[in-house]
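Below is one structure, written out as structure tokens, with a few remarks after it.
Values quoted throughout were computed directly from the atomic coordinates according to the rules given, and no laboratory measurement underlies them. None of the values given here were measured: they were computed from a predicted structure. Using ideal geometry, Cβ is built from the backbone for each residue, glycine included, and neighbour counts are taken over all protein chains shown.
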Amino acid sequence: MTPFRRRGDRVEAVFGAAESGVLVLLLDQLAQVLSGDPPTGTAADDPVVARLFPAGHATDAELARDYRELTGATLRDGKAEDLALVRATLPVDGGAVRLDTDQARSWLRTTNDLRLALGTRLGITAEGAPQGADEAQASVYHWLTAVQGSLVDALAAAGGRPR
């Protein structure tokens, strides 16, 4: 991948065919996670769902449940819309990605969700990956970090905040 760079009012990067393929697979997996009903109750059964849809309150189960009921569908819909935009702007066989600011923000949110999901599955913490973590998946996690970082840098180069 050539990193995202500012080009006028857009940001651009070029993805190889293999990189686009990896992103498509990750997007498919994230879509599966998002296709379920919004999580309710005190804890999600899936740690990835719990990470993508954190509890609204750490110690009050009733408040956490109410928060999930109020926001779960809206959060899920927003994540699904961002994912659809990334899919629509990603050349499946590799190539240039050209994004306006709003599209770039959708990419930021989706790459963040992908990193959260993959990092949760790998057990990555602030200290890094645990001993014995799948090296290939950890490499993908670090690559996603670089993609996201180059996008943040490109947006910041224009004086705009990623939000």
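Structure values in brief
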{"quantity": "Ranked packing of 54-60, 118-124, most packed first, by mean Cβ within 10 Å", "calculated": "118-124, 54-60"}
{"quantity": "Simple Cβ-charge dipole of the chain, Lys/Arg +1 and Asp/Glu -1, about Cα centre, in debye nearest 20", "calculated": "600"}
{"quantity": "Of 63, 110, 8, farthest towards positive along the dipole that unit charges on Lys, Arg, Asp, Glu beta carbons give the stretch 1-112", "calculated": "8"}
{"quantity": "Distance from the stretch 42-71 to the stretch 84-123 (C-alpha centre basis), Å", "calculated": "24"}
{"quantity": "Principal-axis tilt of helix 17-34 within the chain, Cα atoms, nearest 10 degrees", "calculated": "20"}
{"quantity": "Options 130, 32, 78, ranked by Cα towards positive dipole end of the chain, top entry (Cβ charges)", "calculated": "78"}
{"quantity": "Angle between the chain longest axis and helix 61-89 axis [Cα atoms, degrees, rounded to 10]", "calculated": "20"}
{"quantity": "Angle between the chain longest axis and helix 135-157 axis [Cα atoms, degrees, rounded to 10]", "calculated": "70"}
{"quantity": "Size of electric dipole in the stretch 28-113: Cβ of Lys, Arg +1 and of Asp, Glu -1, about Cα centre, debye, nearest 20", "calculated": "240"}
